[in-house]
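Right, one structure below, let's go through it.
The values are calculated or read from the model by the stated rules, or taken from the named source; none is laboratory data. Not measured: the values here are computed from a predicted model. FYI the Cβ positions are ideal-geometry reconstructions off the backbone, even for glycines, and counts take in every protein chain you see. Keep in mind that these areas ignore ligands, DNA and RNA; they rest on the heavy atoms of the full protein, side chains included. Shrake-Rupley method; radii C 1.70, N 1.55, O 1.52, S 1.80 Å.
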Amino acid sequence: MKNKLIGLIVFFLMSSTILKAQKNKNFEIKSPGGNLSLNIETGAKLQWSVQSDGQQIVSPSSISLKLEDGEVLGENVKILSSKTEKLDNVITAINYIKSSIQDQCNQLTINFKGDYGIIFRVYNDGLAYRFFTKKKGELIVKNEEANFNFTADHRVFVPYMWDYRDGKIFNSSFEALYKEIKISKFASDSLAFLPVLIDVGNNKKVVILEADLEEYPGMYLNINQTHMGFMGVYAPYPLEAKLGGYGGINYIPVKRADYIAKVDGTRNFPWRIVVISNQDKELLNNDMVQRLASPSRIADISWIQPGQVAWDWWNDLNISHVDFKAGMNTPTYKYYIDFASANKIKYIIIDGGWSESLDLTKVKPDLNLQEIIDYGKLKGVDVILWASWYAVTQQMDKVFPLYSKMGVKGFKIDFVDRDDQKAVASLYEIAKKAADYHLLVDYHGVFKPTGLQKTYPNVIGFEGVKGLENYKWAIEDQPRYVVSIPYLRMMAGPMDYTPGAMRNSNKANYRPINSNPMSQGTRCQQLAMYVVFETPLQMLSDNPTIYMKEQECTDFITGVPTTFDATVALDGKVGEYVALARRKGDTWFVGSMSNWSARDMTLDFSFLGDGDYQAVVFKDGINADRDATDYKKEMIKILKDSKLNIHLAPGGGWAARIEKLNY
């Protein structure tokens, strides 16, 4: 009897220990290479932290979902089960900077009492987590707690939301230069949109991203109570909206709820991502968003054709040496088609003004749309039409089948300027409807991509970047920005910067001219952008007349593909310079750019295979610091053991096409 009593006491003590462990269990999960260590604490608060090579990067940070009924998913958690597993997959990429993506990580899934759970993934280059729920009916999410607590007052690159449409917060173009500040100096009257970069010391950088954003608002960042970290902020759910903003075509919420989302009770929530690099150049070739985005929902993608496009708006239709008045008319767009055809450019865009702004069925009388489309077909050039987001939301059931039947190949959809739940859902709805009619989509005036382009590959462009259009009116520092965005904005996905200026200026001589604009920086910097900047639909922003005068540069531009089979990051420092190589088939393309500092650098060509190669090189001319259009073209031989010293002028660039010699 005494032994039985002792046994029962031991049993209850063990049971108590087990139950306590299930309430307050900690987990550690390492990256496949062992360099990253993620720690998860459960109990009163669900918290995570991460170390990189022994350095504490993020200190314990609370995460949760607060529901309308008062339940908080992530507080006082009780673990029902947990599972760790290794994932090792290869993703076949669509219209990307490489043909395949390695998806290797260690994953932890925790199921909690209350029909919800969380998934953590740890890669060699970062980590991600997402909540999931398995509840019945509809959930109203009051707020999501997402904290990123750092160990010191680090320097950060912050893009602030600032150009509020009609003065309304959460309505902006998602275009901003980076403020380079300490975390503690974060503005008290604004929010940052993603991605945001944090310099955590020892050459390590952290970039905060999100992926698989569907039926949910995008995440902004604000400084949190630690004053050494950030917290997520989200646009409240819109209840009423009206037209306003730019030209009266923005659809702006005027009444919002006190919650952020209404969602199905059973769903996965967006991935919250922290990428950690040991060298800045690693950020130039990171696949985290592609890994985590939902797979393609389009079975047959054979009709989706990326390519370059001759664009009218930036150059204000300023063609010359023609026998007709240039403008929004049929002869002008036939001229653009002739230029595109002669240079093997796949598309032209007819930008805003071809129809009434809010009625896409009413075409301007000087424009014979069917004649232009048919002429393009004869010349091997297809037509993409501009439209406002609001007009598309009201008319897509009518205009998508109408213009698809006429032969239009896609729409450039502009002035979204929101990322609340309704706006995010709308972009998926439009992409799906467009795919039904084999139409491409290029989103402008839009938030950063989060993987929609993988889920609906007919989405072949995103703006969400302070692109070349701004230099029709802006005097801001373009060269520093263009060597910052490859490390930040471009990590989120395609980036329609719209390069290609043939009027180029040094810092002293630059001035904005809206109707006849120029770029800051050299001609070769513009050429290098076609290699460096990722987008399956790449614009030629200047006018056909000047491209024909500059045929040598035009030939280089139009010879650069818009999707690639491989990418190699060569060198770089955020805000200073960038150099990378991309391969399509057997041909390599290399691009390098600098900020306003002239610099010398060495390019290592060990990425090449065996054999001899010939490179067509465009480099800054000896007088490019005085006349930014100055460049020199040369042919050189290169081997895989070559190390080439190059010079970049202030705001300069270097670009090359490299092909193997077959003797």
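Some values worked out for this structure:
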item	result
Filtered residues of region 130-167 (kept if outside any strand (DSSP E or B) and either charged (D, E, K, R) or open to solvent by less than 20 Å² (accessible area, probe 1.4 Å) (or both))	Asp153, Met161, Asp163, Arg165, Asp166
Tabulated pairs, region 632-650, first within 28 Å of Ser519 (Cα to Cα), second surrounded by 14 or more Cβ atoms within 10 Å (Cβ to Cβ) and acidic (Asp, Glu), C-beta under 7 angstrom, 6+ apart or interchain	His647/Asp620; Leu648/Asp620; Ala649/Asp620; Ala649/Asp625; Pro650/Asp625
When residues of region 625-663 are limited to those that are touching a Pro at 6+ places or on another chain (Cβ under 8 Å) and of a type outside the set (Asp, Glu), the one farthest from Asp586 (Cα to Cα)	Pro650
Residue that is nearest to Ser31 (Cα to Cα), among those in region 50-66 that are open to solvent by 10 Å² or more (accessible area, probe 1.4 Å) and either of a type in the set (A, V, I, L, M, F, W, C) or in a strand (DSSP E or B) (or both)	Gln51
Residues located in region 76-107, provided they are touching an Asp or Glu at 6+ places or on another chain (Cβ under 8 Å) and assigned to a strand (DSSP E or B)	Leu87, Asp88, Asn89, Val90, Ile91, Ile101, Gln102, Asp103, Gln104, Asn106, Gln107
The lone exception for Lys412 - which of (1) under 28 Å from Tyr259 (Cα atoms); (2) in contact (Cβ under 8 Å) with a residue 40 or more places away in the chain; (3) open to solvent by less than 10 Å² (accessible area, probe 1.4 Å) it fails	(1)
Matching option when the condition is touching a Ser or Thr at 6+ places or on another chain (Cβ under 7 Å), on the phi < 0 side of the Ramachandran plot, open to solvent by less than 50 Å² (accessible area, probe 1.4 Å) and not basic (Lys, Arg), among Ile373, Ile345	Ile345
Residue list for region 356-376, filter: more than 14 Å from Asp414 (Cα to Cα) and touching a strand residue (DSSP E or B) at 6+ places or on another chain (Cβ under 9 Å)	Glu356, Thr361, Lys362, Val363, Lys364, Leu367, Leu369, Ile372, Ile373, Gly376
Among the candidates Glu534, Glu552, Glu576, residue that is acidic (Asp, Glu) and open to solvent by less than 30 Å² (accessible area, probe 1.4 Å)	Glu534
Of residues in region 220-250 being out of contact with any Asp or Glu (no Cβ under 8 Å at 6 or more places or on another chain) and assigned to a loop (DSSP other than H, G, I, E, B), the one nearest to Ala152 (Cα to Cα)	Thr226
Qualifying residue in region 102-109 (condition: surrounded by 18 or more Cβ atoms within 10 Å (Cβ to Cβ) and under 29 Å from Pro457 (Cα atoms))	yes
Of residues in region 439-488 being in a loop (DSSP other than H, G, I, E, B) and of a type in the set (Ser, Thr, Tyr), the one nearest to the chain's Cα centre (by Cα)	Thr450
Leading residue by the ranking (most open to solvent (accessible area, probe 1.4 Å)) among those in region 186-205 that are assigned to a strand (DSSP E or B) and not hydrophobic (A, V, I, L, M, F, W, C)	Asp199
Hits in region 206-250 - residues which are among the polar types (S, T, N, Q) and surrounded by fewer than 19 Cβ atoms within 10 Å (Cβ to Cβ)	Asn222, Gln225, Thr226
In region 324-352, the residues that are assigned to a loop (DSSP other than H, G, I, E, B), without any contact (Cβ under 8 Å) to a residue 24 or more places away in the chain and not aromatic (Phe, Trp, Tyr)	Lys325, Ala326
Qualifying positions in region 586-630 - open to solvent by less than 50 Å² (accessible area, probe 1.4 Å), in contact with a Leu (Cβ under 8 Å, 6 or more places away or on another chain) and not hydrophobic (A, V, I, L, M, F, W, C)	Gly591, Ser592, Ser594, Arg599, Gly611, Tyr613, Asp620
Residue that is modelled with pLDDT of 95 or more, touching a helix residue (DSSP H, G or I) at 6+ places or on another chain (Cβ under 7 Å) and of a type in the set (D, E, K, R), where the choices are Asp125, Asp88, Asp115	Asp125
Lone qualifier among Ala387, Ala340, Ala391 - being farther than 19 Å from Asp316 by Cα, within 28 Å of the chain's Cα centre (by Cα) and aliphatic (A, V, I, L, M)	Ala391
Verdict on Ser541 being of a type in the set (Gly, Ala, Ser) and touching a helix residue (DSSP H, G or I) at 6+ places or on another chain (Cβ under 6 Å)	yes
Qualifying residues in region 58-94 (those that are within 31 Å of the chain's Cα centre (by Cα) and acidic (Asp, Glu)) - the one nearest to Val289 (Cα to Cα)	Asp88
Residue tally, condition closer than 24 Å to Phe415 by Cβ and in contact with a helix residue (DSSP H, G or I) (Cβ under 6 Å, 6 or more places away or on another chain), over region 318-335	1
Which listed residue, of Ala474, Ala508, Ala492, Ala501, is of a type in the set (Gly, Ala, Ser), open to solvent by less than 30 Å² (accessible area, probe 1.4 Å) and without any contact (Cβ under 8 Å) to a residue 40 or more places away in the chain	Ala474
Candidate set: region 67-83, residues that are aliphatic (A, V, I, L, M) and surrounded by 14 or more Cβ atoms within 10 Å (Cβ to Cβ); chosen: the one farthest from Ser31 (Cα to Cα)	Leu67
Positions within region 304-342 being open to solvent by 40 Å² or more (accessible area, probe 1.4 Å) and either among the acidic types (Asp, Glu) or within 24 Å of Tyr497 (Cβ to Cβ) (or both), in sequence order	Gln305, Trp313, Asp316, Asn318, Asp323, Asp338
Region 578-629, residues that are among the hydrophobic types (A, V, I, L, M, F, W, C), within 23 Å of Glu534 (Cα to Cα) and in contact with a Cys (Cβ under 8 Å, 6 or more places away or on another chain)	Phe618
Complete set of residues in region 524-539 that are hydroxyl-bearing (Ser, Thr, Tyr) and either farther than 16 Å from Cys553 by Cα or in contact with a Ser or Thr (Cβ under 7 Å, 6 or more places away or on another chain) (or both)	Thr535
